[in-house]
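Enquirer: Structure incoming, see below.
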Amino acid sequence: MISRAVHIGPLRAALSAATTALLTLTALAALPQPPAHAADTLGAAAAEKGRYFGAAVAANHLGEAQYAATLNTEFTSVTPENEMKWDAVERTRNSFTFGAADQIVNHALGRGMKVRGHTLVWHSQLPGWVSGLGAADLRSAMNHHITQVMTHYKGKIHSWDVVNEAFQDGGSGARRSSPFQDKLGDGFIEEAFRTARAADPNAKLCYNDYNTDGVNAKSNAVYAMVRDFKARGVPIDCVGFQSHFNSASPVPSDYRANLQRFADLGVEVQITELDIEGSGTAQATNYGNVVRACLAVTRCTGITVWGIPDKYSWRASGTPLLFDDNYNKKPAYHAVLSALGGSTDPGGPGTPGATCTADYTTVEDWGSGYNGKVTITAGSSPISAWSVNVTMTPPQKVVAVWNGAAGWDTSGNVMTVRSTHNGALQPGTSTTFGFTAQRNGTSTPPQLSACTAT
């Protein structure tokens, strides 16, 4: 009995220790876990929402270090801006040149990005020889072009803009005059899609157009075509909404509802060429609204902005993109990232809670000008640097800045101020920077974006 007790005692002790350890682990697992650090790039934030976030890319800019770095860091999909269009790949009949497009595709795929193909059949950027063909020859050339290009990239393209901009603007809802429409008739779009499906059965096949972002005669005509295609089994998987906006063509109030009605037909909707002219808070608000509209529509699978920095945009004077000429993130960038649920706090490991606030006051005013002061206050964690965007109302101009390093976007209206010697702040403490502005007849005070801290 003594011998047995000697063995049982240690066994009981071991079981007791194991039980305690198990209860401890169970208790720890039940405790609230710290939230994961929010994604801090456009592509990563979109991926967490089940979407891609892409950019139109030009091959001749890939050699620019900042361009390539921004592309690689922020985006998960690319669209060749011009390199896949008919005049780029088949300038001479039956002679195909893929070098520039291949450069973009290889760059993207080598970094795990998706590629959108743009575009196979379009009335613009069309070599002269295409327009001179008779109907039978044109049909043959169109189908051959689709087949050759799609076969070359088979398995590498997630979505193709098979036909681009085939409907007129205005209230008619009619087809646009083009060599394809004029010589082949309404059936050319269906034929193009059937040829595309045969060339690459796994690629998504899209119809793409502009000024179809709200409910209007043009979008109604596209809607009727897609509904007919789905009813008759014509292969169409997605509809692209270019979404080029400016003050004369703003984001329509029924944008989300329009995306949803197309999605309800059983196709994906993609925002394919997004750019919004403007600057500051107004531009940021519009960008945020577009992103939220996409996120509200389950079948909206991704967003592509038509370029990276403003200076390379096809309408650069309107500063329509998310990065300024120097690749600084504009207020619109932060609005997009926030709408995607990402964190505009660029703090890395070790400073996951780095935040700050910015408040503006006018400290001196002499009629024709004023001195403004911005107070930066750290949040609940220490910070080592901060930045904030100050949007001026034109024609006001800033003539001096102190206690901060200032840079400007191409419009000259949005000033990004970064910390210099005054970046390190303990929780709850503050610093200031100031500037002198000339009113030039305008009294509207400047607007601040959210403060960004590291």
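Enquirer: Filter the stretch 405-429 down to the residues that are in contact with an Asp or Glu (Cβ under 9 Å, 6 or more places away or on another chain) and either more than 17 Å from residue 278 (Cβ to Cβ) or at pLDDT 90 or above (or both) and list them by number.
Expert: 407, the sole residue that qualifies.
Enquirer: If you check 327, 312, which single one turns out to be in contact with a strand residue (DSSP E or B) (Cβ under 6 Å, 6 or more places away or on another chain), aromatic (Phe, Trp, Tyr) and either open to solvent by 10 Å² or more (accessible area, probe 1.4 Å) or closer than 20 Å to residue 212 by Cα (or both)?
Expert: 327
Enquirer: For the stretch 239-280, name all the residues that are outside any loop (DSSP other than H, G, I, E, B), modelled with pLDDT of 95 or more and over 16 Å from residue 211 (Cβ atoms).
Expert: Those that are outside any loop (DSSP other than H, G, I, E, B), modelled with pLDDT of 95 or more and over 16 Å from residue 211 (Cβ atoms): 256, 257, 260, 261, 263, 268, 270.
Enquirer: Those residues that are touching a Pro at 6+ places or on another chain (Cβ under 7 Å) and among the aliphatic types (A, V, I, L, M), I need them from the stretch 182-238; list them, please.
Expert: 205
Enquirer: If you don't mind, another one. Quickly run through the stretch 364-389 and pick out the residues that are in contact (Cβ under 8 Å) with a residue 12 or more places away in the chain, closer than 15 Å to residue 439 by Cβ and not in a loop (DSSP other than H, G, I, E, B).
Expert: 369, 370, 371, 372
Enquirer: Any idea which of (1) surrounded by fewer than 17 Cβ atoms within 10 Å (Cβ to Cβ); (2) modelled with pLDDT of 95 or more is the one residue 170 doesn't satisfy?
Expert: (2)
Enquirer: For a quick check of your reading of the model, give me the residue pairs whose first member lies in the stretch 57-73 and is in a helix (DSSP H, G or I), whose second is open to solvent by 80 Å² or more (accessible area, probe 1.4 Å) and among the polar types (S, T, N, Q), with beta-carbon atoms closer than 9 Å and at least 6 apart or on different chains.
Expert: 59/103; 66/326
Enquirer: Quick check on the stretch 257-294: of everything there that is surrounded by fewer than 21 Cβ atoms within 10 Å (Cβ to Cβ) and within 19 Å of residue 52 (Cβ to Cβ), which residue is farthest from the chain's Cα centre (by Cα)?
Expert: Out of the qualifying residues, it is 263.
Enquirer: Now for a different question. When you scan the stretch 20-41, do you find a residue that is modelled with pLDDT of 95 or more and buried (at least 18 other Cβ atoms within 10 Å of the Cβ), even just one? Step through it out loud before you land on a result.
Expert: We begin by selecting, within the stretch 20-41, every residue modelled with pLDDT of 95 or more; these are none.
Looking through the stretch 20-41, none of the residues is modelled with pLDDT of 95 or more and buried (at least 18 other Cβ atoms within 10 Å of the Cβ).
Enquirer: Could you figure out which of (1) touching a residue at least 40 places away in the same chain (Cβ under 8 Å); (2) in a helix (DSSP H, G or I); (3) among the hydrophobic types (A, V, I, L, M, F, W, C) isn't true of residue 231?
Expert: So residue 231 meets the others, but not (1).
Enquirer: Give the stretch 182-214 a look and list any residue that's open to solvent by 30 Å² or more (accessible area, probe 1.4 Å) and either without any contact (Cβ under 8 Å) to a residue 24 or more places away in the chain or basic (Lys, Arg) (or both), or say none.
Expert: 182, 183, 186, 187, 194, 197, 201, 204
Enquirer: How many residues are buried (at least 18 other Cβ atoms within 10 Å of the Cβ) and either among the charged types (D, E, K, R) or over 25 Å from the mean Cα position of the chain (by Cα) (or both) when one looks only at the stretch 227-236?
Expert: The qualifying residues number 1.
Enquirer: Let me ask you something else. It is to be established whether one or more residues within the stretch 144-166 are polar (S, T, N, Q), open to solvent by 50 Å² or more (accessible area, probe 1.4 Å) and under 22 Å from residue 269 (Cβ atoms).
Expert: no
Enquirer: Anything in the stretch 408-447 that is assigned to a strand (DSSP E or B) and open to solvent by less than 20 Å² (accessible area, probe 1.4 Å)? List them, or say none.
Expert: Answer for the stretch 408-447, where residues must be assigned to a strand (DSSP E or B) and open to solvent by less than 20 Å² (accessible area, probe 1.4 Å): 414, 415, 416, 417, 425, 433, 434, 435, 437.
Enquirer: May I pose another question? If I filter the stretch 386-397 for residues that are open to solvent by less than 70 Å² (accessible area, probe 1.4 Å) and over 27 Å from the mean Cα position of the chain (by Cα), do I get at least one hit?
Expert: Within the stretch 386-397, one or more residues are open to solvent by less than 70 Å² (accessible area, probe 1.4 Å) and over 27 Å from the mean Cα position of the chain (by Cα).
Enquirer: From (1) without any contact (Cβ under 8 Å) to a residue 24 or more places away in the chain; (2) among the acidic types (Asp, Glu); (3) touching a Cys at 6+ places or on another chain (Cβ under 7 Å), pick out the condition that doesn't hold for residue 268.
Expert: Among (1) without any contact (Cβ under 8 Å) to a residue 24 or more places away in the chain; (2) among the acidic types (Asp, Glu); (3) touching a Cys at 6+ places or on another chain (Cβ under 7 Å), residue 268 violates only (1).
The values are calculated or read from the model by the stated rules, or taken from the named source; none is laboratory data. If you're wondering where the values come from, they're calculated on a predicted model, not measured in any experiment. Cβ sites come from the backbone with ideal geometry, for glycine too, and all protein chains shown count toward neighbours. What goes into the accessible areas is simple: the full protein's heavy atoms, side chains included, and nothing from ligands, DNA or RNA. Shrake-Rupley method; radii C 1.70, N 1.55, O 1.52, S 1.80 Å.
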